[in-house]
Amino acid sequence: MSDTRPRPATAAGTWRLRDLTVNRVGFGAMRLTGGIPFGPGGGRSDRARSVEVLRRAVEVGVNHIDTAAFYFSPTRSANELINTALSPYPDDLVITTKVWPARDPAGEWWWAGPEQLRGQVEENLRQLGRDQLDVVNLRPPGSWASRSIAEHFGALAELRDAGLVRHLGVSNVTSEQLAEARAIAPVVCVQNAYSVDAPGGEQKLLRECGDLGIAFVPFFAIAGGRREAGAGATDDEAVLAVARAHGASPAQIRLAWTLEQGPHVLAIPGTGDPEHLVENVAAGAIRLSAEEIALLGSARRTAERA
C-alpha cells in the first residue's frame, strides 16, 4: 500500500545535489542534543523526544538532514540519535555532515589538519552506520576567511575519490574560497550564515551560487544575528507585520523569506520540539508577495544602520 500521508516538506519544491534530489525544506540536527556546540553549553535534551522529532521530520517529507560529529552534549550525540531514529535509512534520505572542526570528549575544540580529515569522515561513518557519506562540507574556522582552504579541500576530495564520500560542499566560506574549492573538485552546496536581517553584502555569494547551480544552505535563518542563542522574544516590525498578515509566526516568515531568495536556496531549521518542527516545515507553503519581500528588506537596512 502506498503512503498517502501529507508531506508538507514538499511544498517548497526540490533541488538536485547532482544525483541526489532533496526537498528544499530540510532539518538541522544541532539542537537535538541540548548543547549548542558553537555557543555556551546547553541544557539536557529528552532522548525520546529527539528521536520523535527525527521520525516526525521524515514523516512530513524531510529528506535532507544536516549534522556533524561535533554536535554532541554530555549525554547526547546528534549522529547517534539520527542512527537510532532512522536506520535503516529511507532510500531518498540525504544526510549532510561537516568536518575540520572537532571536539574532544570534554567538549574542548580542536581543528583538524588535512591528514586528520579521514579520521573525521570515518567517525561520521561509524556514528551514522553508513558505508558512504552523502555530502561532506568542509568548514574552515571563522578566522580563516583570508586563507587558503586548498590543502584541506584537496584531502577531502581524495576521500571522495576513495569512495568514502559521495559529494562535497563547503561551509562558512568566502567567494574566493568557493572558487578555490571548485578548482579542485565539484562543489554541490555552500552552507553559510544568512537571514532576513543579514548584511546586504552577504547576498553576493548567494547569487553567485545560483548562477553556478550550487545549492545555498543558510544556517541561522531563524535566529539571525542571535546565532547560537536562537530566536529572540522580539522581532523586527516588518517581520511581525508580514507574520500577522499570513497568520504565521515570525520564524515561519523568516524561513519563507529565505526560500524566496532563489530556487537553489535550501532551509535547514533545527529544533528539539515536535510542534516547532511541524511549524517550521509548514513555512515552505507560505508564498510572499513582492511587496512583502520588499518590506522584509527593511529589516536588513535597519540592521545595517544599527
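No value in this document is a laboratory result; all are computed from the given coordinates. In this text the structure is predicted, and so the values were computed from the model without any measurement. Positions of Cβ are generated from backbone atoms using ideal geometry, with glycine treated the same way; all protein chains shown enter the neighbour counts.
Rounded to the nearest 20 debye, the dipole magnitude of region 93-164 is 220 debye, with +1 charges on Lys and Arg beta carbons, -1 on Asp and Glu beta carbons, and the Cα centre as origin. Overall, region 75-133 carries a charge dipole of about 100 debye about its Cα centre when +1 sits on the Cβ of Lys and Arg and -1 on the Cβ of Asp and Glu, all other atoms neutral. Overall, the chain carries a charge dipole of about 220 debye about its Cα centre when +1 sits on the Cβ of Lys and Arg and -1 on the Cβ of Asp and Glu, all other atoms neutral. Set Lys and Arg Cβ to +1 and Asp and Glu Cβ to -1, take the dipole of the chain about its Cα centre, and tell me which of Leu86, Leu128, Leu288 lies farthest positive. The residue sitting most towards the positive pole is Leu288.
Note that region 21-191 shows a convex hull volume over its alpha carbon atoms of 111 Å³ per residue.
For the peptides 180-189, 82-91, 212-221, the ranking by packing is 212-221, 180-189, 82-91, with the highest mean count of neighbouring Cβ atoms within 10 Å listed first. Taking the dipole about the Cα centre of the chain, with the C-beta of Lys and Arg at +1 and of Asp and Glu at -1, give me whichever of Phe70, Thr258, Pro274 is farthest to the positive side. Going by the Cα projections, it comes out as Pro274.
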